[in-house]
There are 4 protein chains.
Amino acid sequence: MTERLTTEDADMNRELKKEQTRARIKEAALALFSEQGYETTTVEAITKQAGVAKGTFFNYFSSKDDLLCDLQGIFAMNEVGKLKGTPGPLVPRLQLLVFELVKRFEMNKPLTRALFQGMLATDAALELHNRLLADLSEALLPLVLQAQENGEIRKDMPPAMLAQQAFQTYFGTLVIWAMEAGDEPLATRMTMTFELFFKGIAPQ
Amino acid sequence: MTERLTTEDADMNRELKKEQTRARIKEAALALFSEQGYETTTVEAITKQAGVAKGTFFNYFSSKDDLLCDLQGIFAMNEVGKLKGTPGPLVPRLQLLVFELVKRFEMNKPLTRALFQGMLATDAALELHNRLLADLSEALLPLVLQAQENGEIRKDMPPAMLAQQAFQTYFGTLVIWAMEAGDEPLATRMTMTFELFFKGIAPQ
Amino acid sequence: MTERLTTEDADMNRELKKEQTRARIKEAALALFSEQGYETTTVEAITKQAGVAKGTFFNYFSSKDDLLCDLQGIFAMNEVGKLKGTPGPLVPRLQLLVFELVKRFEMNKPLTRALFQGMLATDAALELHNRLLADLSEALLPLVLQAQENGEIRKDMPPAMLAQQAFQTYFGTLVIWAMEAGDEPLATRMTMTFELFFKGIAPQ
Amino acid sequence: MTERLTTEDADMNRELKKEQTRARIKEAALALFSEQGYETTTVEAITKQAGVAKGTFFNYFSSKDDLLCDLQGIFAMNEVGKLKGTPGPLVPRLQLLVFELVKRFEMNKPLTRALFQGMLATDAALELHNRLLADLSEALLPLVLQAQENGEIRKDMPPAMLAQQAFQTYFGTLVIWAMEAGDEPLATRMTMTFELFFKGIAPQ
DNA sequence: GATGAATGAGTTTTCATTCAT
DNA sequence: GATGAATGAAAACTCATTCAT
């Protein structure tokens, strides 16, 4: 059978395996980060958990920080981009979006905390996050403007500021929730917070 | 000469000197944290900056983490306790309070970031912070309740939740602001955010 | 098409390709050694530069040190062997020989340094070099003897010692020149040095 | 007794101990370098041999390379500076000087080799050596000039070049001798080499 | 014969903390 | 109480080499 494989097949197999190894490392990292935090988790521990050799880690990530940046992808919010295509008032759509996003972090307070921890300790990750924020703001801006024109939200604040406030509300809630001791569901908290926020940006 | 001093005088002198040394170490730490972050700043660097020997550090703080906890005192908000004594509507007094608090961090984005960084990396500091939060909530709670009764703020949310939201808004804004790249003044941002918040918790 | 080739042709083709690959690896190594030195240059970097896979390297050289030994061939001085066949006085022929040899290293101070670096760090390479030196001495010895008999060079020193001094002068100049910071041409330096040397071994 | 010590005494004691530890580390390094070469000797091995903890090494030397630079002091030739004060013809004084210098390396071929190895592998050490050479040349230059004027050595070569040749002869002999397998004494070789060199730079 | 993913021993270096003086 | 030399556990990262495909 092996000899039946064309080079392409073999390449695909190899590609596949690589993808799996990379995934295993990332999963292991996520698991350990949520147990021990970012700084406390060593590369060796990650590889051990992933079942690969220490050196293998560096075949996939140039450094521990590099892995963190990769993991920051969790914060990516492609859904924001999709908002543009959908019709109707903005606020309920945002509500829905927030609801969707929350699912990623729910039940993962320690991991969320670890990610912020890493972000604060790693310049590269912080920069990455800021770039992400800039992109998101840009995507949200026209929608906010339109919502203002529609009289859906207050007009006495610049749209950029409103967008900024939206993201601050989201991430601020996320990090503060992650820092707290209890086990209140993120969804509850986020819902509550955005309830206030939406009331705050309502017209009049 | 030294022996001319009464024991009490000597004790006071000694006490004073100790206090000064402790203060010098803390100042040095704050300065370096805001330059390099928490993890990156070494105890040796702190003592050097403070002009004392490395060993002296451990005469004043049992560990580097202990120093951090001590520094977290910056987040303490005794002013919240004082609110109780003052009369009149709550919201404007809160506005004033926030305004006061902001001054501590203004112009110190890197330090703010470093403190959160340390807090996220150090369990003891995080617990301390949570205890602080609990105390603050407890202090604010009766005021919120009264404000609800006065019809100053909405009654359809439990007062504990409103208090929680207030602190989340405050700390969330602080940390998100600290994480951002630009140099927008904290006061502006905080004012804006609380503008929305107060509108969000208004009755009706 | 491939199958049209006779076995011999195919073999030749294969041989040729192998030779080319080997050459490409050696060239790549020389280029990188002269840029970064021996220790600093990794096998991976060499293969990348050569356009082959990392594993391929070990199909051609049993180790990185083995490659270095192979490269030491640069120091080989077959020309010394050819001296035997030519007539006339020894000194001018040596002068010419040195002049020829110098061309290999001229403009390649960093590579020369890297080769010595590798030689000093690698026992195998050092031994190889010593064996080379022994062979060269053996080849030069009869010529020196004859030159002494001809009265061309001083007789009060054993010919073996004179030969040794000649090689020491050559390699010593080479390494010291390579270690220097400036960009004086090797030819100038070598000429000067041998001028003194030839005067030193002149009769009387 | 301890309490009799003044602070100064205590400081001196401490200073003394420090000096001893530093010396122990350097001795250990020299011993190991001469056994195993520079690259092969690890910092851990050095500290083990010196009987101190691994971390202690870095209290004295900022890096392994730093230690090497410190060790390069062996090549320093303060004696060259003293030549200036002594009267009489230059050549015999140089002969004597070389004889003195040789003693340091005699019987230490492996160490000599290791030092050159480290020098070739470490940019900082190489630069240091070049600076040393420049200083030495400067010190020798006026003596050479005077010797030329005295008719002691040939005038048809610039004095700077002659000085350069002298040092090249010295260091070239040193390194080539160190690279050789046998156990010929350095003194013999050096004497022989300088015999030729002095004849080479004689007038006429 | 070529490939490149996996290996893991090995290295330098850091730094909080201790403790003798 | 102050000092700073000594400690040594740990951590990130390197890289020659192997070997299954």
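The values are calculated or read from the model by the stated rules, or taken from the named source; none is laboratory data. Please read all numbers here as calculations on a predicted model, not as lab measurements. Positions of Cβ are generated from backbone atoms using ideal geometry, with glycine treated the same way; all protein chains shown enter the neighbour counts.
Points worth noting:
- Any hit, the range D:148-160, residues being free of Cβ contacts under 8 Å to residues at least 40 places away in the same chain, of a type in the set (A, V, I, L, M) and within 11 Å of chain C (Cβ to nearest Cβ): no
- Residue D:37 vs. criteria modelled with pLDDT under 90 and of a type in the set (Gly, Ala, Ser): yes
- Remark: pairs (first residue in the range B:183-197, within 10 Å of another protein chain (Cβ to nearest Cβ); second residue surrounded by 20 or more Cβ atoms within 10 Å (Cβ to Cβ) and at pLDDT below 95; Cβ separation under 6 Å; 6+ apart in sequence or on different chains) = B:194/B:98.
- Residue in the range A:128-136 that is buried (at least 16 other Cβ atoms within 10 Å of the Cβ) and either assigned by TED's automatic domain parsing to the domain that holds residue A:38 or farther than 28 Å from residue A:69 by Cβ (or both) present: no
- For the range B:42-81, the set of residues classified as over 30 Å from residue B:137 (Cα atoms), touching a Leu at 6+ places or on another chain (Cβ under 7 Å) and touching a residue at least 24 places away in the same chain (Cβ under 8 Å) is empty.
- Filter pass, residue B:54 being of a type in the set (Lys, Arg) and within 16 Å of DNA strand F (Cβ to nearest atom): yes
- Just one of the numbered conditions (1) within 9 Å of chain A (Cβ to nearest Cβ); (2) out of contact with any helix residue (DSSP H, G or I) (no Cβ under 9 Å at 6 or more places or on another chain); (3) not small (Gly, Ala, Ser) is not true of residue B:173: (2).
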